[in-house]
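Colleague: I'd like to ask some things about the structure below.
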Amino acid sequence: MLDHRKPGGVKLPGRSRRAPASDPVGLLDEHHGYVCVLSSARGCCEIGSAGAGAGASAVAEHKRGDRALDALEVCASRAVRCRDVDLPSLEPCVRGYGLGMDHPSLVGPVAATGALAVPLVLLDLRMQRSGGTGIIPFELAGPERSQKILDAWGVEGRRAARGSLLLDFPYLVAYTTLNVRLTDRVTGSSEAAKRVVKAVQVAAGACDALENAALLGVVARSGDARLAGIARRAASVKFAALILGWLYGGSALLRRRHD
């Protein structure tokens, strides 16, 4: 935050009283500049000055020019209110520190993805115990191998596969939502790149839905070469899109660690 003339209520970190009226400090009154470091502390917002000494309680306005402040802290009293800060002006610096602003919560999609993954794993184990493979090899089997997998599964394995494919519809909605929201939280990347990656994640979910519908037809008909081929192509695109999203997120994490 750059201070620009005119006094305002300001406190240094560790203090709990207002600055004396005789020592005016102008920091927030005209809403100029940016706060470039934020840290949480105790209760409401407090501004720390980079130029003030350890024992100083205020800075004479006419003695200082514009300069960057180094902290926005939370304290027990309310000498400076959070709502006094111009939030749009904070966003560039906040994003630069990887904090993000106003993103939808991850709690719902994370909980849904985790909850649905448990029965999907159990159904996959049932398929394998019946003598066949799990669902992923079946997705990629194509016309050549899908019939062999169906024969190896038998009635029990096919029942488990059908349940897994049906349950995968809400699962794909959950993990697609999670992937999109995670992509939206990536910092240090252009908005255009994030839009592309989010669109790719939505396309992955759509391919998963197409794959499920085709494989349900294969199971119901005890084999269908055309639908098995559609399912394999959709699954291949799905996995490629998901891997692209994971690589994008992983590279963003590596850049953040390096920075």
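The values are calculated or read from the model by the stated rules, or taken from the named source; none is laboratory data. Remember, it's a predicted structure, so these values are computed and weren't measured experimentally. Note that each Cβ is placed from the backbone with ideal geometry, even for glycine, and that neighbours are counted across all protein chains shown.
Colleague: Cβ-Cβ below 9 Å, separation at least six or inter-chain, first residue in region 153-169 and among the aliphatic types (A, V, I, L, M), second not in a helix (DSSP H, G or I): which pairs?
Modeller: Taking only residues 6 or more apart or on different chains, the pairs are V155/S130; A160/S130; A161/G132.
Yes or no, residue by residue, for (1) at pLDDT 95 or above; (2) hydrophobic (A, V, I, L, M, F, W, C); (3) in contact with a Lys or Arg (Cβ under 8 Å, 6 or more places away or on another chain):
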| site | (1), (2), (3) |
| --- | --- |
| A193 | no, yes, no |
| G223 | no, no, no |
| A228 | yes, yes, no |
| R232 | yes, no, no |
| G250 | no, no, no |
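Colleague: Would you mind stating whether A235 is over 16 Å from Y171 (Cα atoms) and either crowded, with 21+ Cβ neighbours inside 10 Å or hydrophobic (A, V, I, L, M, F, W, C) (or both)? Please lay out each step first, then the result.
Modeller: Details: over 16 Å from Y171 (Cα atoms): no; either crowded, with 21+ Cβ neighbours inside 10 Å or hydrophobic (A, V, I, L, M, F, W, C) (or both): yes.
It is false that A235 is over 16 Å from Y171 (Cα atoms) and either crowded, with 21+ Cβ neighbours inside 10 Å or hydrophobic (A, V, I, L, M, F, W, C) (or both).
Colleague: (1) over 21 Å from P119 (Cα atoms); (2) touching a residue at least 24 places away in the same chain (Cβ under 8 Å): which one isn't true of G217, the others all being true?
Modeller: Against the list (1) over 21 Å from P119 (Cα atoms); (2) touching a residue at least 24 places away in the same chain (Cβ under 8 Å), G217 comes up short only on (2).
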